[in-house]
1. Please label the shape of the range 220-298 as rounded, prolate or oblate, based on the square roots a ≥ b ≥ c of the eigenvalues of the alpha-carbon gyration tensor (a/c under 1.5 means rounded; beyond that, a/b larger than b/c means prolate, else oblate).
2. Suppose accessible area is computed on protein heavy atoms with a 1.4 Å probe; arrange ASP165, ASP152, ASP270 from highest to lowest.
3. So how much accessible area does ARG105 have, in Å² to the nearest 10, using a 1.4 Å probe?
4. Got the relative contact order for the range 195-289 handy, in percent, Cα pairs under 8 Å and 6 or more residues apart?
5. Under the definition of Cα pairs under 8 Å and six or more residues apart, what whole-number percent is the relative contact order of the range 60-211?
6. How would TYR189, TYR73 line up by accessible area, probe 1.4 Å, largest first?
7. Leaving ligands, DNA and RNA out of it, rank LEU49, LEU217 by accessible area with a 1.4 Å probe, largest first.
8. What list of ³J(HN,Hα) couplings, whole Hz, do you get for the range 111-119 from phi and the Karplus terms 6.51, -1.76, 1.60, once you set θ to phi - 60° and write x for glycine and proline?
Amino acid sequence: MIENSGDKLGMEIDNRIWVLDYVDKDEMHFYRKTDTYFSGKTASQDVDLVELPAIGQTLIVNGELQSAANDEYIYHEALVHPACLLNSKLEDVLIIGGGEGATLREVVKYSSVRSVTMVDIDKELVSLFSQTLNSWHKGSFQDKRAKLVFQDGRKFLEKTQEKYDVIILDLPTYFAEKSKASDPIQNLYSKQFYSICSSHLKKGGLLVTQASELTPLDWNGHALIRRTLARNFRSVISYSGFVPSFYTNWGFLLASQEMDLEKIGSSKIDALISKKRIGPKLSFFDGLTFVGMRSLSKELRKNISKKGNIILDDPSVIAPLKKN
């Protein structure tokens, strides 16, 4: 049962309440708050659903901005559709994370999907979201093809015998410099975990993951995840998109064993959108958008291709990251 903790989010300045979005010790942003719809906590997470006029109804988990009504579709369409379009069959999909239901919402737009399993560790949080975030999930929790599993994502994959056409990892951001041996997020970004994911993909299957900020000033985290993923998949590509509520370009990684993802162009994406009859259901994503998201600067391409550490189950093997 979710415990109500009262409205503790925000600070008053000039008779207005402001929410602090802390990035790191050198950067933070403030958003004016006009209303609180919910403030409480599950057994493991603090949850706030508030109105921030600049970005709309906003979900904040453990003090970190997670999703905003005005632009969440950018993140979720970017995360879901490259992998789902490129898989020729797209019948069985696995989502790990994605508690607010927006990732699930995007997957069930495909008529070919016969089952989509969403695995999230926090049943209380998903229950809250299903009741309060209809503009995010749009009823996808009630879709007859959807199966909800409340369990650690890695433990689920270690036990199941199922294989999937697409695996979508919509997980909390991994920070190597903050990682501890007890942090379960560590084991959802490791080489060992990606190996498990690979073994649960059907032939022609794809994996996609959100992969941290991706800018000329902050690319180390993305590069670390990319190198790790590349140890398990033959083809891995980076792409990014600007999410206004995140105040930055957000990175994604798409991986395949059989497909040469570097050769995918705008005409291929647009042809698949037409074939799968999903165009009218997309607000953000199409072939030209994908080309733009793939067009990283020369500096970024060089930096994220550098050799370096990878993520293993034991965080002690990862040297502290330093900005170049």
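1. oblate
2. Descending accessible area places them as ASP270, ASP152, ASP165.
3. Only protein atoms counted, so the area is about 20 Å².
4. For the range 195-289, the relative contact order is 27 percent.
5. Relative contact order comes out at 27 percent.
6. Numbers: TYR189 0, TYR73 80 Å².
Result of the area sort, largest leading: TYR73, TYR189.
7. Of LEU49, LEU217, the descending order of accessible area is LEU217, LEU49.
8. Once rounded to whole Hz, the list reads 5, 6, 5, 9, 8, 9, 9, 10, 10.
The values are calculated or read from the model by the stated rules, or taken from the named source; none is laboratory data. Predicted, not measured: the structure shown is a model, and the values here were computed from it. Ligands, DNA and RNA are stripped out before the accessible areas are found, and what is left, the full protein with its side chains, is counted by its heavy atoms. Shrake-Rupley method; radii C 1.70, N 1.55, O 1.52, S 1.80 Å.
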